[in-house]
Amino acid sequence: MLICLWQCVEGEQREVPPLGNNPTLTQIRVHEEDRAKASRALSQIHAVVAESIFTRIMTCENAKEAWSVLQAIYRGNH
């Protein structure tokens, strides 16, 4: 499961694209899974950081953005 969530951090896509017109049931299912995965990835990051760090990433809209902020903090660039 964590590998699937890590894809939200490493992937090029920052947000799950909206469904097109007349999606199939499979497309709807995949879309819902992708949205849930993206949300879980950000929630996991929020859950494991100290409160002082959380306040710096709480406004991030996705896991990739939060991870970038964490990298900057821990590499001393922020």
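Rule-based calculations on the coordinates, nothing more; no lab input. Quantities reported herein were computed from a predicted structural model and do not represent experimental measurements. Cβ sites come from the backbone with ideal geometry, for glycine too, and all protein chains shown count toward neighbours.
Structure above, values below:
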read-out	value
Region 34-78 - percent relative contact order, Cα under 8 Å, separation 6 or more	36
Estimated D of region 34-78 in µm² per second, where Rh is the Kirkwood radius over Cα pairs and Stokes-Einstein applies at 4 °C, 1.567 mPa s	122
Estimated inter-spin distance, Glu61 and Ile73, nm [label 7 Å along Cα→Cβ]	2.1
Per-peptide average of other Cβ atoms within 10 Å, ordering 17-24, 48-55 highest first	48-55, 17-24
Helix 63-74 vs. the chain, principal-axis angle (Cα, 0 to 90°, nearest 10)	10
